[in-house]
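What follows is a set of notes on a single structure, which appears directly below.
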Number of protein chains: 2
Amino acid sequence: MTDSTSHKLPAGFQTAGITCGIKESGKPDLSIFVSDQPAVSVGVFTQNLVCGAPVTVSKERVGRASSRAVVINSGNANACTGERGIKDAKAMTAKLADGLNCDAEDVLVCSTGIIGHLLPMEKILSGVESIVPHQGGESSHLQAAAEAIMTTDTFAKISSREVTVNGKLIRITGVCKGAAMIAPNMATMLSVIMTDAELSIEQADRLLRHAVNRSFNCVSVEGHTSTSDTVLLLANGAAKMGPVDDTVLGEFGAALDQVSEELSQMIIRDAEGADHFVTIDVTGLDSYEDAYKIAKAVAEGPLVKTAITGNDPNWGRIVSAAGYAGVPFDPLAVTLHLNQTLLYEQGQPVNYEEEAVSKSMQSGEVHIELKCGDGPENVRFWTCDLTQEYVRLNSEYTT
Amino acid sequence: MTDSTSHKLPAGFQTAGITCGIKESGKPDLSIFVSDQPAVSVGVFTQNLVCGAPVTVSKERVGRASSRAVVINSGNANACTGERGIKDAKAMTAKLADGLNCDAEDVLVCSTGIIGHLLPMEKILSGVESIVPHQGGESSHLQAAAEAIMTTDTFAKISSREVTVNGKLIRITGVCKGAAMIAPNMATMLSVIMTDAELSIEQADRLLRHAVNRSFNCVSVEGHTSTSDTVLLLANGAAKMGPVDDTVLGEFGAALDQVSEELSQMIIRDAEGADHFVTIDVTGLDSYEDAYKIAKAVAEGPLVKTAITGNDPNWGRIVSAAGYAGVPFDPLAVTLHLNQTLLYEQGQPVNYEEEAVSKSMQSGEVHIELKCGDGPENVRFWTCDLTQEYVRLNSEYTT
């Protein structure tokens, strides 16, 4: 899915990934993402009330121009761990700050993995100490960092783009992890996006929110918003493009949107036990919120998902899911295409080649186009099917 | 589950159930519920925008004191069938009205089964004609009517209570069907409740809404609100208790609540592919709506359901589902019991006998008690687990 040699780090960034011993498997479980110079940091976090300690700590530390690094461990989410969890998360950042000779407040932190267990701090602190010399700016360092944030992921997720702003080459490079408990508002999903662009805090924040709203917040595996989700953007200005006003940031913003979209789609492609990748276009609503609600209801409907599992072009379950989304629309204005075939028009099913549509679904790619009226607002949403393998994976005794 | 001989019809009601030929299996597929004298009728209907034709017709005909009957067919939902569907639903009622010598407007209609197909009207109209002589007031007639509304149900669902009002014996007898696409707001679920009490339209409506809100709207298999759901209450006054004011209706209301609760629980016990019956008590909220939202999020969380499938007392998935319900509460005030064992207190897991709790879940009965604060409002909700069998059943090619 990702060719590690094709992704370069932006200027002035180094990363590393190592094994510090949290995972019993011995797989990599500790990463750092470091800017050589102070960077603007912004973040978008889980909206789950029950959030992990690192979310609480990092939330307080984004939105500044002096950030230097992100430290991430996998294997343990440091969530539901009370005051001790907060202390541990801060200790991780203080340890890395020592190694980088910066302030602990300028280090961000994320954790992902099992919840309700205290972090093995001895392993983590000695890991953070030993990871610093491993950092570097090569593709191999990026690959190592992307691998060490994985939990049930089956491949490392990296995306990058290059654009020119003010005559300077700007790079945007992001990594993410996530393969289950994925829902809008970012369930067990972590992403770090780095750029050497020079951005104000306000610009970075606005561009990240725009990108996340149309990418990470538009993917859902099963609708479970986890306790730890975080997307961070670090912009260090190392490309020396100088400060710019918004008028020249259009191409940069589009590239950031693409990196976010590519990363979030990789999560769906890697969804636990999934056989189908589903793109849902909902069009013709009066508001974006309404279109989003309908897309989410269709994406998360177990009866829609299981129909897709069975390569069944079941228009009834799709139209009915739209109907219970809690959004007003005229049922007689609904038109539905599935893999480019018209199934439903003006409130009624039409005749179509059922077998041909079912066969097209066997490719594993499903495109649902649901037109609910003539309004100007649309949304694109991604999800996967619901398989017996998903149930098997998630019903095995895990506590 | 139900002993047909133990349920009597209220005075002045007759029912029947026959095979008219809609189902290829040859199983019963046509029922009538008839009051010998004009009855008060009230109803609660699906909130899905895409609703079946019978819902549209019956909605216009409840809330009157002259209702005489309900006709129900299974095997075809008459939904997504346009203007023709409305015409067909009305023709069903007109045919029964002929047989009963009443006005078509005084006959209500429901249909359940596949959607998007026109009703086989020839079979249905000849069935309606021939069913009339089959009606009777015996338990066997009730059983036949309850069986003929079944779709994927594995048993007929009947509940009854007797109470005394104004010195008269009053009977409440209800039937329902539903085993999939069950969600709050009544997904593919039909119920007819008959009573010989004398009620005003306003009293009947208020009592039915109270009962439905705490029963049928508190069960969820997978969160899919279908196009056809309907609960109807017919009150014909045949017990001759005379009109009463609300002060003497407390016991009657409680009995109606019990009938509704018992019927709705039967749906969960008969849920497609389910191995566990789950009762969720959410307590300590400031409003009923907040408690309801949390209970629904927990009940419909696929990760909660699959944990229960695996007999896994996974407190993390339960607490986390509460956290994303969109309701404000203090995570540090959360206490969770599962099958009477304390798992989680003040924002953190506690030590408990994991194996003993898991073993208790193997009984198939799971009781989740989630206390979210010290507020006065509580809700009780019922659901089932999510099994590989559920996925298999719902992913088989059905279009």
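Any idea which of B:Leu342, B:Leu336 is under 26 Å from A:Leu49 (Cα atoms) and in contact with a helix residue (DSSP H, G or I) (Cβ under 8 Å, 6 or more places away or on another chain)?
On the way: B:Leu342 fails: in contact with a helix residue (DSSP H, G or I) (Cβ under 8 Å, 6 or more places away or on another chain).
Unique residue meeting the criteria: B:Leu336.
Please list, ordered by first then second residue, the pairs with beta carbon atoms under 6 Å, 6 or more apart or interchain, first in the range B:191-216 and part of a helix (DSSP H, G or I), second not aliphatic (A, V, I, L, M).
B:Ile201/B:Gly63; B:Leu207/B:Gly253; B:Ala211/B:Asp257; B:Ala211/B:Ser260; B:Phe216/B:Ser264
For the range A:292-306, give me each residue that is touching a His at 6+ places or on another chain (Cβ under 8 Å) and either assigned to a helix (DSSP H, G or I) or touching a residue at least 60 places away in the same chain (Cβ under 8 Å) (or both). Working first, answer last.
So the first thing to find is which residues in the range A:292-306 are touching a His at 6+ places or on another chain (Cβ under 8 Å), and the list is A:301-303.
Hits for the range A:292-306 are A:Pro302, A:Leu303.
What single numbered condition from (1) under 15 Å from B:Ser358 (Cβ atoms); (2) more than 7 Å from chain A (Cβ to nearest Cβ); (3) acidic (Asp, Glu) fails to hold for B:Asp312?
(2)
If we scan the range B:123-132, do we find a residue that is within 30 Å of A:Val319 (Cα to Cα) and either within 14 Å of chain A (Cβ to nearest Cβ) or in contact with a helix residue (DSSP H, G or I) (Cβ under 9 Å, 6 or more places away or on another chain) (or both)? Outline the logic, then answer.
Taking the range B:123-132 and keeping what is within 30 Å of A:Val319 (Cα to Cα), we get B:123-125.
Checking which are either within 14 Å of chain A (Cβ to nearest Cβ) or in contact with a helix residue (DSSP H, G or I) (Cβ under 9 Å, 6 or more places away or on another chain) (or both) leaves us with B:124-125.
Among the residues of the range B:123-132, at least one is within 30 Å of A:Val319 (Cα to Cα) and either within 14 Å of chain A (Cβ to nearest Cβ) or in contact with a helix residue (DSSP H, G or I) (Cβ under 9 Å, 6 or more places away or on another chain) (or both), which makes the answer yes.
Exactly one of (1) within 14 Å of another protein chain (Cβ to nearest Cβ); (2) within 24 Å of A:Asp330 (Cβ to Cβ); (3) modelled with pLDDT under 95 is unmet by B:Asp88. Its number?
(3)
Considering the range B:341-355 alone, what residues qualify as being more than 8 Å from chain A (Cβ to nearest Cβ) and either under 19 Å from B:Thr279 (Cα atoms) or buried (at least 20 other Cβ atoms within 10 Å of the Cβ) (or both)?
The answer is B:Thr341, B:Leu342, B:Leu343.
For the range A:322-340, name all the residues that are more than 10 Å from chain B (Cβ to nearest Cβ) and either free of Cβ contacts under 8 Å to residues at least 12 places away in the same chain or buried (at least 16 other Cβ atoms within 10 Å of the Cβ) (or both).
A:Thr335, A:Leu336, A:His337, A:Leu338, A:Asn339
Here are A:Ser160, A:Ser126: which of them is modelled with pLDDT of 95 or more and part of a strand (DSSP E or B)?
Details: A:Ser126 fails: part of a strand (DSSP E or B).
None of the other options fit; the residue is A:Ser160.
Which one of these is assigned by TED's automatic domain parsing to the domain that holds A:Asn236 and within 15 Å of A:Leu142 (Cα to Cα): A:Ser111, A:Ser31? Outline the logic, then answer.
On the way: A:Ser111 fails: within 15 Å of A:Leu142 (Cα to Cα).
Only one candidate qualifies: A:Ser31.
Taking the range A:19-60 on its own, how many of its residues are more than 14 Å from chain B (Cβ to nearest Cβ), buried (at least 20 other Cβ atoms within 10 Å of the Cβ) and either closer than 20 Å to A:Ala211 by Cα or not polar (S, T, N, Q) (or both)? Before the answer, list the steps.
Within the range A:19-60, the subset more than 14 Å from chain B (Cβ to nearest Cβ) is A:19-44, A:54, A:57-60.
Of the ones still in play, those that are also buried (at least 20 other Cβ atoms within 10 Å of the Cβ) are A:20, A:22, A:28-35, A:39-44, A:54, A:57-58.
After this cut, where a residue has to be either closer than 20 Å to A:Ala211 by Cα or not polar (S, T, N, Q) (or both) as well, the list is A:20, A:22, A:28-30, A:32-34, A:39-44, A:54, A:57-58.
Adding up the residues that qualify gives 17.
For A:Leu393, are the conditions met, namely being more than 22 Å from the chain's Cα centre (by Cα) and either part of a helix (DSSP H, G or I) or more than 7 Å from chain B (Cβ to nearest Cβ) (or both)?
On the way: more than 22 Å from the chain's Cα centre (by Cα): no; either part of a helix (DSSP H, G or I) or more than 7 Å from chain B (Cβ to nearest Cβ) (or both): yes.
Spelling it out, it is not the case that A:Leu393 is more than 22 Å from the chain's Cα centre (by Cα) and either part of a helix (DSSP H, G or I) or more than 7 Å from chain B (Cβ to nearest Cβ) (or both).
Here are some conditions: (1) surrounded by fewer than 17 Cβ atoms within 10 Å (Cβ to Cβ); (2) within 14 Å of chain B (Cβ to nearest Cβ). A:Gly63 meets all but one. Which one does it not meet?
Of everything listed in (1) surrounded by fewer than 17 Cβ atoms within 10 Å (Cβ to Cβ); (2) within 14 Å of chain B (Cβ to nearest Cβ), A:Gly63 misses just condition (2).
Looking at B:Lys95, is it of a type in the set (Lys, Arg), touching a residue at least 12 places away in the same chain (Cβ under 8 Å) and closer than 26 Å to B:Asp196 by Cβ? Step through it out loud before you land on a result.
Numbers: of a type in the set (Lys, Arg): yes; touching a residue at least 12 places away in the same chain (Cβ under 8 Å): yes; closer than 26 Å to B:Asp196 by Cβ: no.
So B:Lys95 fails the test.
I'd like the full set of residues that are farther than 17 Å from A:Glu369 by Cα and touching a Phe, Trp or Tyr at 6+ places or on another chain (Cβ under 9 Å), limited to the range A:262-285.
Filtering the range A:262-285 down to residues farther than 17 Å from A:Glu369 by Cα leaves A:262-275.
Passing the criteria: A:Leu263, A:Ser264, A:Gln265, A:Met266, A:Ile267, A:Ile268, A:Arg269, A:Asp270, A:Ala271, A:Glu272, A:Gly273, A:Ala274.
Could you grab me the full set of residues in the range A:373-390 that are more than 7 Å from chain B (Cβ to nearest Cβ), among the aliphatic types (A, V, I, L, M) and part of a loop (DSSP other than H, G, I, E, B)?
Step one: of the range A:373-390, the residues more than 7 Å from chain B (Cβ to nearest Cβ) are A:373-385, A:389-390.
Checking which are among the aliphatic types (A, V, I, L, M) leaves us with A:379.
Hits for the range A:373-390: nothing passes.
Of the residues A:Gly43, A:Gly52, only one is in contact with a Lys or Arg (Cβ under 9 Å, 6 or more places away or on another chain), assigned by TED's automatic domain parsing to the domain that holds A:Lys123 and under 21 Å from A:Ala145 (Cβ atoms); which? Outline the logic, then answer.
Working: A:Gly52 fails: in contact with a Lys or Arg (Cβ under 9 Å, 6 or more places away or on another chain).
Step by step, each of A:Gly43, A:Gly52 is checked, and only A:Gly43 is in contact with a Lys or Arg (Cβ under 9 Å, 6 or more places away or on another chain), assigned by TED's automatic domain parsing to the domain that holds A:Lys123 and under 21 Å from A:Ala145 (Cβ atoms).
Which one of the conditions (1) touching a residue at least 40 places away in the same chain (Cβ under 8 Å); (2) more than 10 Å from every other protein chain (Cβ to nearest Cβ); (3) surrounded by 15 or more Cβ atoms within 10 Å (Cβ to Cβ); (4) of a type outside the set (A, V, I, L, M, F, W, C) does B:Gln362 fail to meet, given that it meets all the rest?
Single failed check for B:Gln362: (3).
Cβ-Cβ under 6 Å, sequence separation 6+ or interchain: first residue in the range A:229-246 and more than 17 Å from A:Gly167 (Cα to Cα), partner hydroxyl-bearing (Ser, Thr, Tyr) and assigned to a loop (DSSP other than H, G, I, E, B). Which pairs?
A:Asp229/A:Thr46
Of the residues B:Ser58, B:Ser35, which is assigned to a helix (DSSP H, G or I), of a type in the set (S, T, N, Q) and under 27 Å from B:Glu105 (Cβ atoms)? Steps first, please.
Working: B:Ser35 fails: assigned to a helix (DSSP H, G or I).
Exactly one of B:Ser58, B:Ser35 is assigned to a helix (DSSP H, G or I), of a type in the set (S, T, N, Q) and under 27 Å from B:Glu105 (Cβ atoms), namely B:Ser58.
If the requirement is being within 26 Å of the chain's Cα centre (by Cα) and among the polar types (S, T, N, Q), which of these qualifies: B:Ser139, B:Ser130?
Details: B:Ser130 fails: within 26 Å of the chain's Cα centre (by Cα).
Just a single option satisfies the conditions, and that option is B:Ser139.
Being β-branched (Val, Ile, Thr) and facing chain A (nearest Cβ under 9 Å) is the filter here, so list the residues in the range B:286-309 that pass it. Write out each step before concluding.
Looking only at the range B:286-309, we keep the residues that are β-branched (Val, Ile, Thr), and these are B:294, B:298, B:304, B:306, B:308-309.
Selection gives B:Val304, B:Thr306, B:Ile308, B:Thr309.
Would you be able to say whether some residue in the range A:135-156 is part of a strand (DSSP E or B), touching a Leu at 6+ places or on another chain (Cβ under 7 Å) and not polar (S, T, N, Q)?
From the range A:135-156, those part of a strand (DSSP E or B) are A:136; that's our starting set.
After this cut, where a residue has to be touching a Leu at 6+ places or on another chain (Cβ under 7 Å) as well, the list is none.
No, every residue in the range A:135-156 fails to be part of a strand (DSSP E or B), touching a Leu at 6+ places or on another chain (Cβ under 7 Å) and not polar (S, T, N, Q).
Within the range A:70-106, restricting attention to residues that are assigned to a loop (DSSP other than H, G, I, E, B) and touching an Asp or Glu at 6+ places or on another chain (Cβ under 9 Å), which residue is nearest to A:Asp36 (Cα to Cα)?
So in the range A:70-106, the residues assigned to a loop (DSSP other than H, G, I, E, B) come out as A:77-81, A:101-103.
Now restrict to residues that are touching an Asp or Glu at 6+ places or on another chain (Cβ under 9 Å): A:78, A:81.
On the way: A:Asn78: 28, A:Thr81: 32 Å.
Among those that are assigned to a loop (DSSP other than H, G, I, E, B) and touching an Asp or Glu at 6+ places or on another chain (Cβ under 9 Å), it is A:Asn78.
Exactly one condition in (1) touching a Phe, Trp or Tyr at 6+ places or on another chain (Cβ under 9 Å); (2) within 14 Å of another protein chain (Cβ to nearest Cβ) is false for B:His117; which is it?
So the condition that B:His117 fails would be (1).
Given the structure, is B:Asp153 surrounded by fewer than 22 Cβ atoms within 10 Å (Cβ to Cβ), modelled with pLDDT under 95 and away from chain A (no Cβ under 14 Å)?
Working: surrounded by fewer than 22 Cβ atoms within 10 Å (Cβ to Cβ): yes; modelled with pLDDT under 95: yes; away from chain A (no Cβ under 14 Å): yes.
Yes, satisfied.
The values are calculated or read from the model by the stated rules, or taken from the named source; none is laboratory data. Just so you know, these numbers come straight off a predicted model, no measurement behind them. So basically every Cβ, Gly included, is an ideal-geometry build from the backbone, and we count neighbours across all protein chains shown.
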